[in-house]
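A quick write-up on the structure given underneath.
The values are calculated or read from the model by the stated rules, or taken from the named source; none is laboratory data. Bear in mind that the values here come from a model prediction, so they are computed numbers and not experimental data. Glycine also receives a Cβ, built like all others from the backbone with ideal geometry; neighbour counts cover every protein chain displayed.
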Number of protein chains: 2
Amino acid sequence: MSQNKNRIAVKSELKFIKSLKLKKNRVKENMFIVEGLKNVLELLNSDFKVLEVYSTDEYTHYFKKISYKVISPAQLTQISTLSNNQSCLALARCKDLSSYEDSLDHWTIVLDGISDPGNLGTIIRALDWFGFNYVICSNSCADFYNPKAISASMGSFARINAFYMDIVPFLKTFEGDIYGLDLEGQPLDKFKNANRAAFVLGSESHGISDAIKVLLKDNLTIKKYGQAESLNVAMATNILLYHLRSF
Amino acid sequence: MSQNKNRIAVKSELKFIKSLKLKKNRVKENMFIVEGLKNVLELLNSDFKVLEVYSTDEYTHYFKKISYKVISPAQLTQISTLSNNQSCLALARCKDLSSYEDSLDHWTIVLDGISDPGNLGTIIRALDWFGFNYVICSNSCADFYNPKAISASMGSFARINAFYMDIVPFLKTFEGDIYGLDLEGQPLDKFKNANRAAFVLGSESHGISDAIKVLLKDNLTIKKYGQAESLNVAMATNILLYHLRSF
């Protein structure tokens, strides 16, 4: 008989899972949720500690080798932050995001107040595509464990480490050049630099903070040819990462 | 006395506006909605015919020179597709999206089944940033007038023309080289071509259709250095446009 026989999600669990949409509850419980098949499978394949998997009947064959609980599609919709999640959801233990030790990566991406969790997740996905290992986030950035960030990362949350800190002292002691990506500056497509460097991306509404601006060696810009007022910060980061990999 | 005195949104109008979330109603009425201050201001600055502007009290000073109706924040939330729209919404007349005549643009971006309206809007924004004038969409693409596409374009919907058509005959008679952007192919960062060309982006889930694949001169790829399974199609398009502008 299967180990999963009769393991069914109960009402109090659903309420608990819903409570984890809020950061204060994620911090208190040290848990986060992962939604949708792709993200849950990546979670199972990572070094995160998985606490529980909830699957609808239709998807349980993906979880034959592990313990899971059955959930109805209606219950899943009720607790999901995604409008179209018909498959599964998992509960996992948060990792400590403050334990950064200099990894001596050649290029370091620093996010200064990226407040939209969707943008954060999209940046995490791009970092993973372009072979980066980690990202430095100011404490004013969206939470790495926000369900929208986790979802938008399309599984890349399982491979990219995000470290949260006060980025001013980090950059003050950074051993390498520091550049900002901004609406004005040296054209990115002409930029080449073999030195170790950090690249700062500023917030969606305010750009790079003044306390950081004074630390920059130079500003780089993605040259505008048309009339759009700005590029989305996740788009800009993608282009930066592509450029850094192309020389 | 202001021409806007006593012009207040009534219940039947709100119901009508809500109905325009559905494509069939937009097609029937030949109208679409534009949400949020940035997008509404861009609309007013465009050649779209504006039928009505609904503004909350706090934002009416943006609309002093035009006719508008006052709407309460609660009513606006009720009819908005955006969760955080506190400002305004406008109703506008759709333009015909099938009247493409070859504009002889040097590069033509062709979308083959981009079904997510957020991705479509983000691509429209990027086209505007990089100075493109139009985009060719397969009939299977998300609707240009979908509120999520309009919102994600951040005003660029007002400047970029999207033409919907059967893209197979379009590409068969296209006078120039045709490339696809795919997970495998010639590295994009080495690609240079001075000829007139079309670039096809495939759908989020199925990639480029088989009927199109046989028309391609070559596939281009954004080289992967890490482990993410894919790049979001809007990200990939951004990188393609950046690259096309950098040589």
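Within the stretch B:45-60, take every residue that is of a type in the set (A, V, I, L, M, F, W, C) and under 9 Å from residue B:90 (Cα atoms) and give me the one that is surrounded by the most Cβ atoms within 10 Å (Cβ to Cβ).
Across the stretch B:45-60, the extreme among qualifying residues is B:53.
Does the stretch B:192-211 hold any residues that are modelled with pLDDT of 95 or more, surrounded by 12 or more Cβ atoms within 10 Å (Cβ to Cβ) and over 22 Å from the mean Cα position of the chain (by Cα), and which are they?
Across the stretch B:192-211, the qualifying residue is only B:211.
Checking residue A:42 against (1) more than 22 Å from residue B:227 (Cβ to Cβ); (2) in contact (Cβ under 8 Å) with a residue 12 or more places away in the chain, only one condition comes out false. Which one?
Of the numbered conditions (1) more than 22 Å from residue B:227 (Cβ to Cβ); (2) in contact (Cβ under 8 Å) with a residue 12 or more places away in the chain, the odd one out for residue A:42 is (1).
Looking at B:164, B:145, B:225 in this structure, which one is farther than 23 Å from residue A:224 by Cα, touching a Cys at 6+ places or on another chain (Cβ under 7 Å) and outside any strand (DSSP E or B)? If you could, list the steps in order and put the result at the bottom.
Working: B:164 fails: outside any strand (DSSP E or B); B:225 fails: touching a Cys at 6+ places or on another chain (Cβ under 7 Å).
Going through B:164, B:145, B:225 in turn, the sole match is B:145.
Out of curiosity, is residue A:110 on the phi < 0 side of the Ramachandran plot and either touching a residue at least 60 places away in the same chain (Cβ under 8 Å) or surrounded by fewer than 17 Cβ atoms within 10 Å (Cβ to Cβ) (or both)?
When the stated conditions are applied, residue A:110 passes them.
Might you let me know whether the stretch B:122-131 holds any residue that is closer than 29 Å to residue A:152 by Cβ, of a type in the set (Ser, Thr, Tyr) and not assigned by TED's automatic domain parsing to the domain that holds residue B:34? It would help to see each step written out before you state the result.
Step one: of the stretch B:122-131, the residues closer than 29 Å to residue A:152 by Cβ are B:122-131.
So of that shortlist, the ones also of a type in the set (Ser, Thr, Tyr) come out as B:122.
Cutting the leftovers down to not assigned by TED's automatic domain parsing to the domain that holds residue B:34 gives us B:122.
Looking for residues that are closer than 29 Å to residue A:152 by Cβ, of a type in the set (Ser, Thr, Tyr) and not assigned by TED's automatic domain parsing to the domain that holds residue B:34, one finds at least one in the stretch B:122-131, hence yes.
Tally up the residues in the stretch B:92-110 that are within 14 Å of another protein chain (Cβ to nearest Cβ) and in a strand (DSSP E or B), please.
Result for the stretch B:92-110: 2.
Would you kindly identify the helices (runs of 4 or more DSSP H) lying entirely within the stretch B:18-91 that contain at least 1 residues that are of a type in the set (Ser, Thr, Tyr) and modelled with pLDDT under 95?
By residue number, B:73-79.
Is there a residue in the stretch B:213-221 that is assigned to a helix (DSSP H, G or I), among the β-branched types (Val, Ile, Thr) and within 13 Å of chain A (Cβ to nearest Cβ)?
No: the stretch B:213-221 contains no residue that is assigned to a helix (DSSP H, G or I), among the β-branched types (Val, Ile, Thr) and within 13 Å of chain A (Cβ to nearest Cβ).
Name the one entry in A:244, A:231 that is in contact with a helix residue (DSSP H, G or I) (Cβ under 6 Å, 6 or more places away or on another chain) and either in a helix (DSSP H, G or I) or more than 30 Å from residue A:44 (Cα to Cα) (or both).
Numbers: A:244 fails: in contact with a helix residue (DSSP H, G or I) (Cβ under 6 Å, 6 or more places away or on another chain).
After ruling out the rest, the residue left standing is A:231.
Just to be sure before I move on: is residue A:230 at negative phi, small (Gly, Ala, Ser), in contact (Cβ under 8 Å) with a residue 40 or more places away in the chain and within 11 Å of chain B (Cβ to nearest Cβ) in the structure I sent?
It is true that residue A:230 is at negative phi, small (Gly, Ala, Ser), in contact (Cβ under 8 Å) with a residue 40 or more places away in the chain and within 11 Å of chain B (Cβ to nearest Cβ).
Out of everything in the stretch A:111-125 that is assigned to a helix (DSSP H, G or I) and among the β-branched types (Val, Ile, Thr), what residue ends up being nearest to the other protein chains (Cβ to nearest Cβ)?
The residue in question is A:122.
Go through A:177, A:143, A:166 for me and flag whichever is in contact with a helix residue (DSSP H, G or I) (Cβ under 7 Å, 6 or more places away or on another chain), at pLDDT 95 or above and not aliphatic (A, V, I, L, M).
Answer to the check: A:143.
With the structure loaded, tell me whether residue A:32 is touching a residue at least 60 places away in the same chain (Cβ under 8 Å), over 17 Å from residue A:7 (Cβ atoms) and touching a Lys or Arg at 6+ places or on another chain (Cβ under 6 Å) or whether it fails that test.
It is true that residue A:32 is touching a residue at least 60 places away in the same chain (Cβ under 8 Å), over 17 Å from residue A:7 (Cβ atoms) and touching a Lys or Arg at 6+ places or on another chain (Cβ under 6 Å).
Being of a type in the set (S, T, N, Q), under 25 Å from residue B:43 (Cα atoms), buried (at least 24 other Cβ atoms within 10 Å of the Cβ) and in contact (Cβ under 8 Å) with a residue 40 or more places away in the chain: is that true of residue B:119 here?
Details: of a type in the set (S, T, N, Q): yes; under 25 Å from residue B:43 (Cα atoms): yes; buried (at least 24 other Cβ atoms within 10 Å of the Cβ): yes; in contact (Cβ under 8 Å) with a residue 40 or more places away in the chain: yes.
When the stated conditions are applied, residue B:119 passes them.
Would you mind stating whether residue A:191 is hydrophobic (A, V, I, L, M, F, W, C), within 14 Å of another protein chain (Cβ to nearest Cβ), in contact (Cβ under 8 Å) with a residue 40 or more places away in the chain and over 22 Å from residue A:119 (Cα atoms)? Before you say what the answer is, go through the steps one by one.
On the way: hydrophobic (A, V, I, L, M, F, W, C): yes; within 14 Å of another protein chain (Cβ to nearest Cβ): yes; in contact (Cβ under 8 Å) with a residue 40 or more places away in the chain: yes; over 22 Å from residue A:119 (Cα atoms): yes.
In short, yes.
Quick check: anything in the stretch B:92-102 under 19 Å from residue B:241 (Cβ atoms), touching a strand residue (DSSP E or B) at 6+ places or on another chain (Cβ under 9 Å) and not charged (D, E, K, R)?
no
Every residue in the stretch B:20-44 that is among the basic types (Lys, Arg) and surrounded by fewer than 13 Cβ atoms within 10 Å (Cβ to Cβ), please.
Those that are among the basic types (Lys, Arg) and surrounded by fewer than 13 Cβ atoms within 10 Å (Cβ to Cβ): B:24, B:28.
Every residue in the stretch B:126-154 that is within 13 Å of chain A (Cβ to nearest Cβ), closer than 22 Å to residue B:20 by Cβ and buried (at least 24 other Cβ atoms within 10 Å of the Cβ), please.
Of everything in the stretch B:126-154, just one residue is within 13 Å of chain A (Cβ to nearest Cβ), closer than 22 Å to residue B:20 by Cβ and buried (at least 24 other Cβ atoms within 10 Å of the Cβ), namely B:153.
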